[in-house]
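Here the structure comes first, spelled out in structure tokens, and everything after it is commentary.
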Amino acid sequence: MTEPDPASPDNRHPTRAASPTAPATPGGAPPDGGWRYEPSRALALWDEREVEAAVEVLRSRSLFRYYGPRAPRHVDAFEAAFAERTGCPYAVGVSSGTAALTAALVGLGIPEGAEVVIPAVTFVGSVSAVVAARGVPVFADIDDSLTLDPAALESAVTERTWGVLPVHLNNAAADMDPLLRVAERHGLRVVEDAAQAAGVNYRGRPAGSLGDAGAFSFQQDKNLTAGEGGAVTLRDAAAHQRVVRFQDQGGQFSTSRGPGRGGPEPEGEAEVAPFLGCNLRMTELAGAILTVQLDRLDGMNRRLREVARRVRASVSDLPLEWRQLPDEEGSGGDLTALLGSRLQARRFTAALHAEGVPAHTLYQGRTVTSNPAVRDGRTAWGVRWERPPRMRTSEGIIGRSVTVGLGAAMTEADVEGLTSAVRKAAEESLR
Ligand SMILES: *Cc1c(COP(=O)(O)O)cnc(C)c1O
């Protein structure tokens, strides 16, 4: 078996940014001149406001979040705004989505060796974070929603299970209510991997506010981006305090801003003494850029949801099966079809590429358990688990998936072009 290429766009995020000079996607090259539109999200809407925000930080010479020549404030401001948008009492900006997941697990007090159930279809960072937090990943199947199957979670639970990490894949929430019921029944902690879901809602509740903690990524391909970055959302004051400490060397420092640099400490909480942590801090540059983008987030998701809906409606007479979204109305716009077979998925992808439309099979049709390091349990600290079983159900679903890349800056002409391209490609490949 060939090694998945870690640099492959399919191993990063479903909506890759393409340029006319971008390398070919697995399964087909963009036609001469690139795609019809740029299939990126936050990046496509990037304008002078990001540039001005960044320049202002550079001129202030205050790039560190806790002190500087001028009192820094951008990460603080971003945290406050992001907490509000996600309906959580607390948000902590960090350096990446993987850092956010790790900090969330640590903040919630994951014991060493505890098992965390992860869907078989996700980015490898979900697994890395559990390993970094000294946990042990256990894998469970997805269903046609492309997210964790509540029944599969139920059967994965053992007496060693401490938590579950549902993944909101492709800008749409996992079906959280049944998952939360299973978690509650077994006393599991819930950390939402919302790396691909900033601004997404589930039945009126924001992603990141449904479990005990949420983790977001602001890497280049995500809904908000500063190139790198992440955020943890939390409901519990003590967990928040531990996350603040963990991302800042364990909270060893006091400054003019008071003890622990994390603001006021939760009252009556025992476990807030400084400890040995990590440096996962967000820079002021990232905080400033992300604050600008937060204003565009809901509009962008609304528009992409509308585009996805229009495309689906325009081909509703064709026997094309789309991913079942647990909450379409809350989604950030996903256009993923489930074809009849792997072969059909390949044909549909190639036909879309021929029309200049970006499209790919999610994670190249591979579960995260087929990653050789995940399969063999190979961590930086040696082999930590036995080979998980082959996840045939998830493999079957993911291999038939075709995600059509949407772009936040699509014009009406782009949408029309996309609609007819999808129709043409479907007619050809479903024949
Ligand atoms: C992007 C992503 C991550 C990791 O985020 P980074 O910022 O790249 O560390 C984790 N989980 C999922 C599902 C992702 O898509």
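Please treat every number below as a calculation from the coordinates, not as lab data. Not measured: the values here are computed from a predicted model. In this analysis, Cβ positions are derived from the backbone assuming ideal geometry, glycine residues included, and neighbour counts consider all displayed protein chains.
Of all DSSP-defined beta bridges confined to the range 49-291, some 55% are antiparallel rather than parallel. Compute the relative contact order of the range 49-291 as a whole-number percentage, counting only Cα pairs closer than 8 Å that sit 6 or more residues apart in sequence. Normalised by residue count, the contact order of the range 49-291 is 25 percent.
For the chain, the relative contact order works out to 22 percent when only alpha carbon pairs closer than 8 Å and six or more residues apart are counted. Overall form of the range 87-189: rounded. Here a/c, set by the Cα gyration tensor axes a ≥ b ≥ c, is under 1.5.
Highest mean first, the peptides 34-40, 138-144, 97-103 sorted by other C-beta atoms within 10 Å per residue fall in the order 97-103, 34-40, 138-144. As a rough guide to protection, the peptides 293-303, 375-385 ranked by mean Cβ packing within 10 Å, highest first, stand as 293-303, 375-385.
Within the chain, antiparallel bridges make up roughly 65 percent of the DSSP beta bridges whose residues both belong there. Once the Cα atoms are used to define both axes, helix 48-60 deviates from the longest principal axis of the chain by about 30 degrees. Hey, if you drop one equal point scatterer on each alpha-carbon of the range 49-291 and run the Debye formula without solvent, what base-10 log of I(q)/I(0) do you get at q = 0.13, 0.14, 0.17 Å⁻¹? Each listed q maps to, in turn, -0.74, -0.85, -1.21. For the range 31-185, DSSP calls about 10 percent of its internal beta bridges antiparallel. Against the main long axis of the alpha-carbon atoms of the chain, helix 284-314 sits at an angle near 30°. The angle between the Cα long axis of helix 74-85 and the longest principal axis of the Cα atoms of the chain comes to about 60 degrees, rounded to the nearest 10.
When a/c is below 1.5 the answer is rounded, else prolate if a/b is larger than b/c, else oblate, so apply that to the range 275-431 with a ≥ b ≥ c taken from the square roots of the Cα gyration tensor eigenvalues. Oblate is the answer for the range 275-431, as a/c is 1.5 or above yet b/c matches or exceeds a/b. Ranking ASN301, TRP46, GLN252 by how far each Cα lies toward the positive end of the dipole of the chain (charges on Cβ) leaves GLN252 at the top. Most tightly packed first, judged by the mean number of other beta-carbon atoms within 10 Å of their residues, the peptides 352-364, 214-226, 172-184 read 214-226, 352-364, 172-184.
Going by the alpha-carbon gyration tensor, a ≥ b ≥ c the square roots of its eigenvalues, is the chain rounded (a/c under 1.5) or, if a/c is not under 1.5, prolate (a/b greater than b/c) versus oblate? The shape class here is oblate.
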